[in-house]
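These notes concern the structure reproduced below.
The values are calculated or read from the model by the stated rules, or taken from the named source; none is laboratory data. The shown structure was predicted, so the numbers you read here are calculated from the model rather than taken from an experiment. Note that each Cβ is placed from the backbone with ideal geometry, even for glycine, and that neighbours are counted across all protein chains shown.
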Amino acid sequence: MTTVLTAGLGLKPQHYDAALACPAEGLWFEVHPENYMVAGGPRLAWLEAIRARHPISLHGVAVSLAADGEPDPGHLARLGGLARRIQPALISEHLAWSTWRGSYHPDLLPFPRTREALTRISDKISRSQDALCRRIAIENPSHYLMIDGHAWDEIDFLAELARRTGCGLLLDVNNVYVGARNLGYSAEDYLDHFPGPLVTEIHLAGHSRDPKLGDSLLVDSHDAPVAPEVWALYERLIRRIGPRPTLIERDDKLPDFATLLSERERADTLLRTPLAKAA
Amino acid sequence: MDLLPPGALAQFQDAFAHALLAPGAKPASPVAALAAQPAFAVYRNTVMKGCIDALQANYPAVARLVGEEWFRAAAAVYVREALPADATLLRYGASFADFLARFEPAAELPYLPDVARLDRLWTEAHAAPDEEPLDPAAIARLTPDTLARATLHPHAAARWAWFEDAPVYTIWACNRAESVPGGDLDWRPEGALLVRPRDAVEWTPLDAAGVAFLDACAAGAPLPRAARAALGARDEADLTQLMATLLAAGAFGRMSFTSESLSVEENR
């Protein structure tokens, strides 16, 4: 299959029927593989039905790349099993940690970007790619905290991981915007310096203001439409690096499928305009 | 060059994970300065909300019985005791029923842990391996002699339970269906059967004979022994009707047959 992936949507159980029937060209769906790591039943049946009509991206939250220690072989085996079953177009993970000493923390947690972390993460990426027999992409996280002890800047760190492991990068433009606003750097600058050839996927999402701290703390809440500022950054990015499969993420305060589809069409149109330089 | 010594990553993660669930970080903690930043609350809130949302999704009948506010407050206590073991949050909360059984504010609702157990059985049935249910016609075709040597194996998704102290099935089923029991609730023991013969989990009441029959089948007992177990639990049980009901519900997966000699033994 040589379908070109343009803009995709996060797949929500509430939208299965509409998603299954949607004829939009270039449409693809992203899921967290962990939600489908079951022995059988309707979840897997739904995903396989969608997969028969649309490409799927597996966007993992639990390899816990940045956690010290060995990767969990059981988790990698389950991920590999699902990938063999679904044959996803894309597989990605986060530059973060979530599972630690046998407990899963449902978030993408930060860490100091040190040489120790770099060694650990590149080893885990390599082992993941070996287990999956393919390249995966690593996503830049949102930032909320000023962490002392970073020995690497994030872009250099990601580029070094790609150099060591051959992985691709998933560039989340909303995460860049949120992190830049929270920590006080320039999102434009960050995006202008991000290594375009390594980018294999882009994420767009909505954010919200912290209920207590307001504008001084933005939260990557995925509960709103993509903000105008993030759309502007996205246009600037794809003018520079060319079109990439782009996902609209929405996890909370879900609108109906048609509303998400129209937001997705905006990205799709941008990806198909000649202004988006060929990759 | 790294500013942090080797082994610092694990120390950072130990301290960060601790601070996520504790009100404040220990003063000497490598994350003390981070936990003091107002933004640390984003991580605390996200982790707590993710866990509580998962429990609420996995225990809908419990949540409906006690109300969302009570449920989420109780869930927050549970989360601090038992974080998810992995990111498949559908599996989260295996010990929630046991937690409710010793959670003092829940003491007024002694049936609540068993309602939680039924919510859990629903999840197990929902995520169980796919299996074709046993065709009732396949049983009908067996000769009496073969039937006496047959073991019916419960379907991979079939779950059942007996509740001695309260009409837990009725309470659970009403809350699962978001309805209220019709008339006065008859305070008697009840059993429940959950099956997933196709995509959707289905449920039906099950009497003591049915529970004993399925327990025996799950232990590998051939039909005559399973029948004796059913009659032992309820001596007026109608075995023909029971078999027909269980087969129609899709409670069985495959059949196997014991050897001739054992069947003679069984029939004595």
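At-a-glance table
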quantity: Candidates A:Ala39, A:Ala96 - the one that is over 20 Å from B:Leu90 (Cα atoms) and either within 16 Å of the chain's Cα centre (by Cα) or free of Cβ contacts under 8 Å to residues at least 40 places away in the same chain (or both); calculated: A:Ala96
quantity: Hey, A:Arg209 farther than 16 Å from A:Ala7 by Cα and part of a strand (DSSP E or B) or not; calculated: yes
quantity: Any hit, the range A:53-69, residues being within 30 Å of B:Phe16 (Cα to Cα) and assigned to a strand (DSSP E or B); calculated: yes
quantity: Residue check for A:His59: over 14 Å from the mean Cα position of the chain (by Cα), more than 9 Å from chain B (Cβ to nearest Cβ) and at pLDDT 95 or above; calculated: no
quantity: Residues (touching a strand residue (DSSP E or B) at 6+ places or on another chain (Cβ under 7 Å), within 14 Å of chain B (Cβ to nearest Cβ) and either farther than 21 Å from A:Leu108 by Cα or assigned to a strand (DSSP E or B) (or both)) located in the range A:212-257; calculated: A:Asp215, A:Leu217, A:Leu218, A:Val219
quantity: A:Leu11 more than 14 Å from chain B (Cβ to nearest Cβ) and under 21 Å from the mean Cα position of the chain (by Cα); calculated: yes
quantity: Hits in the range A:108-137 (condition: surrounded by 18 or more Cβ atoms within 10 Å (Cβ to Cβ) and touching a Ser or Thr at 6+ places or on another chain (Cβ under 7 Å)); calculated: A:Leu108, A:Leu109, A:Ser122, A:Ile125, A:Ile136, A:Ala137
quantity: Test result for A:Glu70, farther than 26 Å from A:Val226 by Cβ, out of contact with any Cys (no Cβ under 9 Å at 6 or more places or on another chain), among the charged types (D, E, K, R) and at pLDDT below 95; calculated: yes
quantity: Given (1) over 28 Å from A:His143 (Cα atoms); (2) among the acidic types (Asp, Glu); (3) within 14 Å of chain B (Cβ to nearest Cβ), number of the condition A:Glu25 does not satisfy; calculated: (3)
quantity: Residue ID - farthest from the other protein chains (Cβ to nearest Cβ), chosen from residues in the range B:95-123 that are touching a residue at least 60 places away in the same chain (Cβ under 8 Å) and in contact with a strand residue (DSSP E or B) (Cβ under 8 Å, 6 or more places away or on another chain); calculated: B:Tyr111
quantity: The range A:28-50 - residue that is among the hydrophobic types (A, V, I, L, M, F, W, C) and in a helix (DSSP H, G or I) and, of those, nearest to the other protein chains (Cβ to nearest Cβ); calculated: A:Ala45
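Yes/no matrix, rows are residues, columns are (1) in contact with an Asp or Glu (Cβ under 6 Å, 6 or more places away or on another chain); (2) of a type outside the set (A, V, I, L, M, F, W, C); (3) within 30 Å of A:Ser98 (Cα to Cα):
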{"position": "B:Glu69", "(1), (2), (3)": "no, yes, yes"}
{"position": "B:Arg80", "(1), (2), (3)": "no, yes, yes"}
{"position": "B:Ala94", "(1), (2), (3)": "no, no, yes"}
{"position": "B:Leu100", "(1), (2), (3)": "no, no, yes"}
{"position": "B:Glu124", "(1), (2), (3)": "no, yes, yes"}
{"position": "B:Leu134", "(1), (2), (3)": "no, no, no"}
{"position": "B:Ala158", "(1), (2), (3)": "no, no, no"}
{"position": "B:Trp162", "(1), (2), (3)": "no, no, no"}
